[in-house]
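The values are calculated or read from the model by the stated rules, or taken from the named source; none is laboratory data. What you are looking at is a predicted structure, and each value in this text was computed from that prediction instead of being measured. Please note: Cβ atoms are built from the backbone with ideal geometry, for glycine as well, and neighbour counts cover all protein chains shown. The area values use the complete protein model at the heavy-atom level, side chains included, leaving out ligands, DNA and RNA. Shrake-Rupley method; radii C 1.70, N 1.55, O 1.52, S 1.80 Å.
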Amino acid sequence: MTHDVHIIGGGLAGSEAAWQLAQRGFSVRLSEMRGSGDMTPAHQTDGLAELVCSNSFRSDDSDKNAVGLLHYEMRALDSLIMRAGEMARVPAGSAMAVDRDAFSAEVQRTLMEHPKVTVVRERIDVLPEAGLTIVATGPLTAQALAESIVRATGQERLAFFDAIAPIVHRDSIDMDVCWIQSRWNKRNEASNEEGDYINCPMTKEQYLAFHRGLLDGEKTEFREWEKDTPYFDGCMPIEVMAERGVDTLRFGPMKPVGLDNPRDTTPEFPQGRWPYAVVQLRQDNKLGTLWNMVGFQTKLKYGAQVELFRTIPGLENAEFARLGGLHRNTFLNSPMVLDRQLRLKGAGHIRFAGQVTGCEGYVESSAVGLLAGMMAAAELAGQPWQGPPRTTAMGALLAHITGDAEAETYQPMNINFGLFPPLHDVGKKLRKEAYTGRAKADHARWIASLRVPA
């Protein structure tokens with residue numbers, strides 16, 4: 001089968017770009033090295049759009065949250081990632097979390113069955129010299145292709161470490177110690193259940209011992225050329241957070257506020273008192289058999305993880321479906337090497353999409369893949385590209401990546417209201433709603449104006 005566009009990488013961004021092009025009638029060759037005998041340090045399967053770190057797409061609130069707004073905008077453009085996410089959704093309060101296996105299977109099935117998509121299990125080692133191409137190889141780009149990118153850009157790669165949280169079997173958690181509750185007793189509107197998180201309480205003594213264990217635990221050793229690689233704050237290993245101060249975790253992933261321990265009641269607090277610290281677990285699959293430790297990305301060695309995490313009340317007999325891990329993450333200095341249409345300067349037939357561009361997060365990566373697919377479709381149709389307004393989540397993210405960020409200090413970025421053009425005449429309490437209201441209206445007008453159908 002001949003193809004109109006060659007997409008390299010079958011992660012979230014590559015899968016989304018393939019869908020957007022195919023739905024507009026253009027043929028796609030989607031190359032994915034997993035399944036060809038190659039594997040990355042972090043992936044465990046050869047499934048398209050495998051989720052490596054968390055199973056959460058974060059907040060789904062499109063009225064007050066920037067990532068929820070990005071969900072909203074992507075749904076309006078028939079995003080495959082959002083479609084599959086809804087199908088594989090599991091309870092997570094106001095967040096959108098998915099059964100990772102069901103999610104990947106749905107993305108793969110949809111693309112494999114599409115008549116305009118050909119999925120090829122192959123490793124691409126060199127950037128193509130001709131033909132429309134989208135490179136969406138993600139943060140774990142294979143060495144040979146990464147070297148080809150370096151030669152093409154003339155820039156050194158930037159890198160940081162991305163840590164993976166452990167997953168625990170539900171039936172190994174002691175629910176005589178733990179309890180289910182969302183912070184401030186917020187109910188899940190879809191299920192009307194009282195909570196979506198399993199909470200493991202800690203006393204001050206237990207917390208201080210745990211904190212010391214994080215500092216003293218045996219950790220993965222860095223190679224010489226990795227030692228100065230910075231972490232991205234959105235996926236900071238828990239032991240690195242612990243190094244910032246004894247109370248850092250109590251104001252971060254182990255924050256106890258709004259969580260009433262029903263095992264610790266008094267006449268003054270009949271519903272239960274707040275623990276000194278809390279470890280939370282969030283459902284990781286639809287069956288509810290797997291739960292991940294929220295905010296517990298780690299570079300502790302496996303033996304140290306098992307030993308330390310089993311000191312957490314309620315997890316004394318925990319069985320781990322997956323332990324935490326660490327992988328290197330690479331990305332382009334996109335403001336310097338890409339134009340406003342994600343094209344490589346000096347090689348306009350090549351676009352980049354997803355985390356390799358320096359966006360951070362599943363949804364952001366998918367959104368950039370969606371935009372890259374739309375850009376390529378407009379080019380194939382002979383139509384000028386009409387980019388999303390910068391007042392929208394998609395437009396703000398794209399603008400940041402392709403030139404609005406400072407190239408000298410460029411770092412991975414999640415979508416946030418700080419990327420949006422400011423609103424000066426709105427009170428602080430209403431600012432988030434004002435941002436999202438403006439964005440939704442501008443996004444709708446943009447879609448209506450597109451010459452290549454959305």
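E307 falls short on exactly one of the conditions (1) closer than 30 Å to G252 by Cβ; (2) open to solvent by less than 10 Å² (accessible area, probe 1.4 Å); (3) charged (D, E, K, R), and that condition is (2). Within the range 335-368, the set of residues being at pLDDT 95 or above, crowded, with 24+ Cβ neighbours inside 10 Å and of a type in the set (G, A, S) comprises A353, G354, S365, S366, A367.
Once the range 419-436 is narrowed to residues that are closer than 13 Å to N65 by Cβ and part of a helix (DSSP H, G or I), the residue that is modelled with the lowest pLDDT is R431. Scanning the range 97-151 for residues that are over 17 Å from S366 (Cα atoms), assigned to a helix (DSSP H, G or I) and open to solvent by 50 Å² or more (accessible area, probe 1.4 Å) returns D101, R109, M112, E113, Q143, E147, R151. If you check L69, L80 for being in contact (Cβ under 8 Å) with a residue 60 or more places away in the chain and under 22 Å from F352 (Cα atoms), only one passes: L80. Scanning the range 258-274 for residues that are touching an Asp or Glu at 6+ places or on another chain (Cβ under 9 Å) and either among the hydroxyl-bearing types (S, T, Y) or open to solvent by 20 Å² or more (accessible area, probe 1.4 Å) (or both) yields a count of 5.
Taken as a whole, the condition of being modelled with pLDDT under 95, open to solvent by less than 20 Å² (accessible area, probe 1.4 Å) and within 23 Å of G85 (Cα to Cα) does not apply to G373. Of the residues screened, T409 is one that is open to solvent by 30 Å² or more (accessible area, probe 1.4 Å), more than 16 Å from the chain's Cα centre (by Cα) and not acidic (D, E). If you go through the range 29-86 and keep only what is touching a strand residue (DSSP E or B) at 6+ places or on another chain (Cβ under 8 Å) and on the phi > 0 side of the Ramachandran plot, you end up with G35, R58. Residues that are assigned to a loop (DSSP other than H, G, I, E, B), in contact with a His (Cβ under 7 Å, 6 or more places away or on another chain), acidic (D, E) and buried (at least 18 other Cβ atoms within 10 Å of the Cβ) do not occur anywhere in the range 155-164. Scan the range 77-96 for residues that are under 22 Å from L371 (Cα atoms), open to solvent by 10 Å² or more (accessible area, probe 1.4 Å) and in contact with a Lys or Arg (Cβ under 9 Å, 6 or more places away or on another chain) and the total you get is 2. Restricted to the range 5-80, the set of strands (runs of 3 or more DSSP E) holding at least 2 residues that are within 19 Å of E379 (Cα to Cα) and touching a His at 6+ places or on another chain (Cβ under 7 Å) comprises 28-32. Exactly one residue among G387, G382 is on the phi > 0 side of the Ramachandran plot and either at pLDDT 95 or above or open to solvent by 10 Å² or more (accessible area, probe 1.4 Å) (or both), and that residue is G382.
Here V67 does not fit the description of being modelled with pLDDT under 95, within 14 Å of the chain's Cα centre (by Cα) and either open to solvent by less than 10 Å² (accessible area, probe 1.4 Å) or within 30 Å of Q181 (Cβ to Cβ) (or both). When L287, L332 are screened for being crowded, with 23+ Cβ neighbours inside 10 Å and within 24 Å of the chain's Cα centre (by Cα), only L332 passes.
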